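> Quick one: structure below, then a few questions.
The values are calculated or read from the model by the stated rules, or taken from the named source; none is laboratory data. All of these numbers come straight from a predicted model, not from anything done at the bench. Here the Cβ positions follow ideal geometry from the backbone for every residue, glycine too, while neighbour counts run over all protein chains shown.
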Amino acid sequence: MSTDHSLLEFDHVDKYFGETHVLKDVSLDIEDGEVCVVVGPSGSGKSTLLRCANRLEEIQNGEIRLDGRSISDPDADINRLRQRIGMVFQSFNLFPHKTALENVTLAPRKVRGIDEATARQRAEELLADVGLSDQANSYPNQLSGGQQQRVAIARALAMDPRVMLFDEVTSALDPELVGEVLEVMRDLAAEGMTMMVVTHEMGFAREVGDRIVLMDEGRIVETGAPESFFENPQTDRGEQFLSKIL
Ligand code: ADP
Ligand code: MG
């Protein structure tokens, strides 16, 4: 069935922090099943863009829609919305006094009222999906950073989100732990999850991304398919960005 909207739509979005204009007329449509990789220099507004999609920040102009419905409307049901948009951050923020399994079951039980046995079964499946079956009863401080981040991904997936947002989820990890987290994200993409991914991992961006979005100073300055973006950027900003990172 075709629809006249994309799954996640940013429609002429402006965001200010006080006087500072941090998102400037940002429009971006993300299709169902698409992996959209957002790149750009530090301070360009990447995190703010994701945070606005999850209503962690309010926008001042424009609209953000999920499946055709406004997210940014002050009357939108924030709790319901957050269930539909999973987010994973650089810092994993697991509950330290809860096991991996309990971290994954907590929100489904508390927010969605799912019974313990069902939540537990689903959590076990999700921990298996992220390669952590054997760590279900471990506490966060008994896990490596890569393992903790995989638990954080399982925790977000436990709410059955429509879209997953990833904000530099490997940036705080020791280099040898980055691959295992990217692997989980690659699997998720292959299963058809719609994803917005802010990352400095250009190999991942190129291989897994369906589209690259380059931000600079609060604007989207270039979007393109990975091959064309990396081989043949269309803007000076794109060329400059690539010359610094590649
Ligand atoms: P990026 O993720 O691309 O590094 P951010 O979205 O974190 O960029 O930041 C974009 C701009 O917004 C920066 O100039 C940053 O200083 C500013 N900014 C981010 N969060 C806040 C905040 N809570 N209050 C004020 N300014 C902020
Ligand atoms: Mg950021």
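> Suppose the filter is at pLDDT 95 or above, assigned to a helix (DSSP H, G or I), buried (at least 21 other Cβ atoms within 10 Å of the Cβ) and not basic (Lys, Arg); does ALA117 pass it?
No.
> Another one. Might you let me know whether segment 44-65 holds any residue that is more than 21 Å from the chain's Cα centre (by Cα) and of a type outside the set (Gly, Ala, Ser)?
Within segment 44-65, one or more residues are more than 21 Å from the chain's Cα centre (by Cα) and of a type outside the set (Gly, Ala, Ser).
> Another question about this same structure. Tell me the residue from LEU66, LEU49, LEU94 that is on the phi < 0 side of the Ramachandran plot, within 16 Å of ligand 1 (Cβ to nearest atom) and not polar (S, T, N, Q), please.
LEU49
> Out of VAL111, VAL151, which single residue is buried (at least 16 other Cβ atoms within 10 Å of the Cβ) and β-branched (Val, Ile, Thr)?
VAL151
> Let me ask something additional. I'd like to check something: does segment 63-74 contain any residue that is within 16 Å of ligand 2 (Cβ to nearest atom) and not in a helix (DSSP H, G or I)?
No: zero hits.
> So, in segment 192-210, exactly how many residues are of a type outside the set (A, V, I, L, M, F, W, C) and surrounded by fewer than 19 Cβ atoms within 10 Å (Cβ to Cβ)? Give the derivation first.
Of the residues in segment 192-210, the ones of a type outside the set (A, V, I, L, M, F, W, C) are 192, 194, 199-201, 203, 206-207, 209-210.
Remaining after also requiring surrounded by fewer than 19 Cβ atoms within 10 Å (Cβ to Cβ): 192, 200, 203, 206-207, 210.
Going through segment 192-210 one residue at a time, the tally reaches 6.
> Name every residue in segment 22-43 that is under 30 Å from SER243 (Cβ atoms) and under 14 Å from the mean Cα position of the chain (by Cα), in order of residue number.
Within segment 22-43, ILE30, GLU34, VAL35, CYS36, VAL37, VAL38, VAL39 meet the criteria.
> A further question on this structure: Residue by residue through segment 92-108, note down the ones that are surrounded by fewer than 21 Cβ atoms within 10 Å (Cβ to Cβ) and modelled with pLDDT of 95 or more. Spell out how you get there, then give the answer.
Here is the first cut: in segment 92-108, the ones surrounded by fewer than 21 Cβ atoms within 10 Å (Cβ to Cβ) are 93, 95-99, 102, 106-107.
Once the filter is applied, which keeps residues that are surrounded by fewer than 21 Cβ atoms within 10 Å (Cβ to Cβ) and modelled with pLDDT of 95 or more, segment 92-108 yields PHE95, PRO96, HIS97, LYS98, THR99, GLU102, LEU106.
> Something else now. From GLY18, GLY43, grab the single residue that is within 16 Å of ligand 1 (Cβ to nearest atom) and either touching a residue at least 12 places away in the same chain (Cβ under 8 Å) or within 16 Å of VAL198 (Cα to Cα) (or both).
Details: GLY18 fails: either touching a residue at least 12 places away in the same chain (Cβ under 8 Å) or within 16 Å of VAL198 (Cα to Cα) (or both).
Being within 16 Å of ligand 1 (Cβ to nearest atom) and either touching a residue at least 12 places away in the same chain (Cβ under 8 Å) or within 16 Å of VAL198 (Cα to Cα) (or both) holds for just one of GLY18, GLY43, which is GLY43.
> Still on this model: Within segment 21-40, how many residues turn out to be within 13 Å of ligand 1 (Cβ to nearest atom) and outside any strand (DSSP E or B)?
Total satisfying the criteria: 1.
> ASP11 fails exactly one of the following numbered conditions: (1) touching an Asp or Glu at 6+ places or on another chain (Cβ under 9 Å); (2) assigned to a loop (DSSP other than H, G, I, E, B). What is the number of that condition?
(2)
> Yes or no: segment 69-90 includes at least one residue that is under 30 Å from ASP236 (Cα atoms), more than 18 Å from the chain's Cα centre (by Cα) and buried (at least 16 other Cβ atoms within 10 Å of the Cβ).
no
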